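Below is one structure, written out as structure tokens, with a few remarks after it.
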Amino acid sequence: KNPFIAGPFVSKKKKALREQKHSKHTDPIATMPMKRIPGSAKAALRRALGAKAAPPAPRLAGQRPFVTNAAYNLAKKMMPKISETERVALGAGTIGFDRDIFTGSPSLKHLTDTYSPALSSEEQSFLDKECQELCDMIDDHAVVSNADLSPESWQFMRSKGFFAMKIPKEWGGKGFSTAAVSAVLVKLGSKCSDANATVAVPNSLGPGELLARYGTPDQQAYFLPKLASGQLIPCFGLTGPHSGSDATSLIGSAGKVERHPQTGELGVRASFRKRYITLAPVAGVVGLGIDLHDPDNLLGGTGKTGFTVALLERHHPGLRMGPRHAPLTSAFMNGTVEGDDVWIPMDHILGGQEKCGFGWHMFVECLAEGRGVSLPAGSVSAARTLAVGVGAYCRVRKQFKVPIADFGGIQEALARMGSQGLICVAGADLMNAIVDNHEAPMVISSIMKQSCTERGRRIILDGMDIMGGAGICKGEANFVGNLYTSVPIAITVEGANIMTRSFQIMGQGITRCHPHMVPLIESLGSDAPDAPKVFRSHFFKVVGHVLGNLGLSWARGLASSATTAARSAKAYEAGGEGLVGYHESQMLRLSANLAFSADLALLLGGRLKFEELLLGRLADAMGAIYLGYAVLWHYEKRRGEVGAGEGLEAATEHALLTLEHEAQEALKEAASNFPQPLGKLGGLLMGVGVAPFGGLTRPYAPPGDALTKEVSSKLTNPSGLRDLFLKNVYVKGEAGDRITDLLEALPVVCEADRIAAALRRAGSSREASPEEQAVLDRAVAMRDALVQVDVFEKHGPLETLGKPGYVRPALAQTENWPGGVTSFAADGNEKDATTLAA
């Protein structure tokens with residue numbers, strides 16, 4: 001009855017409310033008390049009653065998308081255009097536990113319930129027999145000296161299927177699990193890093209696995225049996241002179257779709273320059289990455305332009321393979337692949353014409369094994385070998401009449417080796433299990449490649465420092481020197497560690513693994529009418545994610561700081577809640593810290609991808625968190641294999657304290673150096689969000705001295721921890737093999753040290769019994785033998801391969817010095833060579 005309800009002065013909002021209210025009463029279903037009934041059931045009831053659904057309510061003035069559109073347009077300006085390569089990378093591979101970390105609340109129980117690595121009886125037999133036999137026939141020093149493996153080794157690897165472990169059994173391969181391949185690589189690496197590299201490539205990024213996944217039936221039928229039998233050795237040609245770590249840029253490797261001038265056959269005319277290609281000098285087939293162009297549109301909608309993989313056999317017309325690089329002192333085959341105007345028939349494209357332009361998908365999804373499995377296996381080899389070898393050497397070697405195992409500096413380095421070694425072993429075991437679960441986690445594989453090879457380098461450097469002269473003198477007795485010269489190569493390949501850390505890990509992780517970021521980014525690149533609405537939905541989810549993890553950071557941070565302050569330094573000894581429960585709580589706190597910090601970094605918009613210092617620090621934190629969970633998972637899986645007090649709890653505690661401190665410091669530095677335009681404001685927000693009370697809520701410190709001494713002691717005396725590291729290390733079992741001799745000597749010298757200590761305490765009151773004296777004498781003889789290093793009458797090609805009678809130039813010059821050779825005499829008169837000879 002109010003005339004203003006329908007009059008000209010009523011607001012549009014009130015009219016809309018009135019119309020919306022009226023529309024509800026035209027729909028009998030809408031008036032029923034059915035709030036909890038699903039919409040689909042309501043629709044069915046309407047159809048049964050013949051009722052019409054209420055028309056959608058008109059948008060109220062306050063609901064108009066002005067703010068949404070403004071925010072959408074602003075975000076679109078801040079976000080740089082996503083390239084096709086970046087778009088493919090965002091969709092390639094899989095996400096799993098890496099995504100869980102970015103939620104801020106990952107689950108250790110999920111890891112332990114989901115991933116349980118184990119070798120089949122066939123795989124274990126291959127490791128114990130064929131792999132052991134191959135190691136028996138390899139002389140690592142001879143391999144490096146000759147710059148090649150022996151003919152017998154090559155033939156054995158080919159005939160026994162070492163190059164076909166990942167090829168399915170139906171094509172004649174082994175069909176082994178990722179865990180089995182990793183175990184083989186670890187054992188080979190403990191004997192010879194060049195054998196490890198030689199076997200790794202065909203079982204990771206070689207054409208074999210690509211063929212099994214993407215090849216046409218004809219390609220599979222032709223190539224896979226030849227690869228499985230060892231007739232063809234594969235390689236993969238990707239990196240070029242101008243590509244570096246950006247291998248997929250394919251600069252200098254272009255192909256053009258053409259028709260053959262004589263036959264009219266559709267194919268590709270390509271020119272390419274590839275380098276650093278492992279196995280290229282001996283490979284029979286190469287998977288070649290080229291940048292495909294189709295200016296005449298000859299593909300006709302079948303296949304696309306871009307990164308494409310071609311399969312070329314060694315004698316393909318125009319293909320040049322054979323020249324070698326010389327990577328430091330390593331002997332594995334590595335060289336160039338080149339060609340100019342090489343004609344490639346379309347059936348030589350991996351997967352056929354329809355897979356043109358599909359190379360990035362192939363590369364990324366298979367890269368998880370090469371980058372996340374094969375390369376870390378080399379670090380695990382070093383960790384296991386040096387933990388047992390250097391640990392025993394520290395007890396054998398004496399300085400100042402004391403085993404160097406008792407020196408504090410040695411204990412510090414050795415405990416660090418054991419701790420970092422356990423991190424590498426745990427991370428690799430979990431990664432293998434993840435891949436065997438049919439996952440291809442790109443971010444975790446990047447973490448594994450960067451973090452494990454870097455930690456492997458630290459392990460080897462500590463080992464070299466401890467071994468001293470025994471580590472730098474070449475020869476069969478040196479089990480650390482060749483590891484030292486090979487580790488920079490592992491760090492360089494598959495993308496240099498600097499690039500992987502400062503760009504790749506968080507560049508992918510902060511978008512690919514974020515629970516809401518990919519759909520938000522896709523909405524910004526979309527022209528769909530509802531794109532702003534989709535953006536708004538996920539934007540508010542991101543806001544909720546930020547606030548949720550801010551609350552978790554504060555709550556968990558305060559609780560963690562309190563429990564850390566109250567925790568006993570010996571709490572880990574009991575295992576269980578004192579170890580696992582405590583450290584899981586710290587990892588949950590750090591995960592929330594990282595998730596909040598990553599969200600805050602997103603405020604930089606498109607600038608973030610260029611802020612590599614910030615991305616590198618966040619990558620350090622994420623890597624430490626993933627590896628922390630891996631160490632906890634490893635402890636839960638292996639605790640039954642090592643008795644209480646045998647060192648696993650101590651090493652696990654040492655590793656977790658190290659990782660927690662790494663993550664804490666990385667986040668602290670990220671906040672202290674937050675880039676512009678937010679600068680100090682961004683750093684303040686990050687610092688307060690992660691540690692609201694500053695240093696009081698940054699409670700993590702490096703391992704203390706008592707724990708360091710305990711871990712070192714477990715590595716320099718017989719223990720369950722040493723036995724755990726010894727798994728998968730090659731031991732020849734014959735005298736003369738340095739690792740075998742050290743393992744045999746360790747219990748003897750430990751017993752001799754105990755006897756000597758007891759005799760010193762007794763003073764002159766007693767002498768050693770005959771049995772005790774025998775142990776003491778045997779220990780002296782073993783120590784004397786094991787501190788010796790190799791020496792050569794002739795060294796180097798001039799002496800060993802030069803003309804007969806070759807004399808070292810410096811010595812020849814002395815012999816021919818004007819005036820002849822003289823010698824000091826007691827009577828003060830020099831005597832010439834003739835007089836001396838007489």
Test: residue in the range 694-707 that is within 30 Å of A566 (Cβ to Cβ) and among the hydroxyl-bearing types (S, T, Y): yes
Residue that is surrounded by the fewest Cβ atoms within 10 Å (Cβ to Cβ), among those in the range 672-707 that are more than 30 Å from F407 (Cβ to Cβ), in contact (Cβ under 8 Å) with a residue 12 or more places away in the chain and among the small types (G, A, S): S672
Unmet criterion (only one of (1) in a loop (DSSP other than H, G, I, E, B); (2) farther than 30 Å from Q504 by Cα; (3) small (G, A, S)) for A280: (2)
Top-ranked residue in the range 205-234 [being outside any helix (DSSP H, G or I) and open to solvent by less than 10 Å² (accessible area, probe 1.4 Å); ranked as farthest from A440 (Cα to Cα)]: G230
Any hit, the range 638-650, residues being hydrophobic (A, V, I, L, M, F, W, C), more than 24 Å from the chain's Cα centre (by Cα), farther than 25 Å from K680 by Cα and part of a helix (DSSP H, G or I): yes
Residues that are assigned to a helix (DSSP H, G or I) and touching a Lys or Arg at 6+ places or on another chain (Cβ under 9 Å), drawn from the range 142-182: V144, S145, T178, A180, V181
Residues of the range 193-241 satisfying the condition of being over 29 Å from V143 (Cα atoms) and either among the charged types (D, E, K, R) or touching a Cys at 6+ places or on another chain (Cβ under 7 Å) (or both): L210, R213, D218
Only one of V443, V390 that is modelled with pLDDT under 95, surrounded by 24 or more Cβ atoms within 10 Å (Cβ to Cβ), of a type in the set (V, I, T) and at negative phi: V443
From Q420, Q450, residue being closer than 24 Å to D705 by Cβ and open to solvent by 10 Å² or more (accessible area, probe 1.4 Å): Q420
Residue count, the range 561-604 (criterion: open to solvent by 10 Å² or more (accessible area, probe 1.4 Å), in contact with a helix residue (DSSP H, G or I) (Cβ under 7 Å, 6 or more places away or on another chain) and small (G, A, S)): 5
Considering residues of the range 784-822 that are under 30 Å from A745 (Cβ atoms) and open to solvent by 100 Å² or more (accessible area, probe 1.4 Å) only, the residue farthest from the chain's Cα centre (by Cα): E793
L715 vs. criteria under 23 Å from A183 (Cα atoms) and open to solvent by less than 60 Å² (accessible area, probe 1.4 Å): yes
Options V425, V435, V518, V487; residue that is assigned to a helix (DSSP H, G or I), of a type outside the set (D, E, K, R), out of contact with any Phe, Trp or Tyr (no Cβ under 6 Å at 6 or more places or on another chain) and surrounded by fewer than 21 Cβ atoms within 10 Å (Cβ to Cβ): V518
Near pairs, Cβ below 8 angstrom, 6+ apart or cross-chain, from the range 635-659 (in contact (Cβ under 8 Å) with a residue 40 or more places away in the chain and among the polar types (S, T, N, Q)) to any residue that is open to solvent by less than 20 Å² (accessible area, probe 1.4 Å) and assigned to a loop (DSSP other than H, G, I, E, B): T652/L579
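The values are calculated or read from the model by the stated rules, or taken from the named source; none is laboratory data. Here the structure is a predicted model, which means the values were calculated and not measured. In this analysis, Cβ positions are derived from the backbone assuming ideal geometry, glycine residues included, and neighbour counts consider all displayed protein chains. Calculation scope for accessible area: heavy atoms of the full protein, side chains included, ligands and nucleic acids excluded. Shrake-Rupley method; radii C 1.70, N 1.55, O 1.52, S 1.80 Å.
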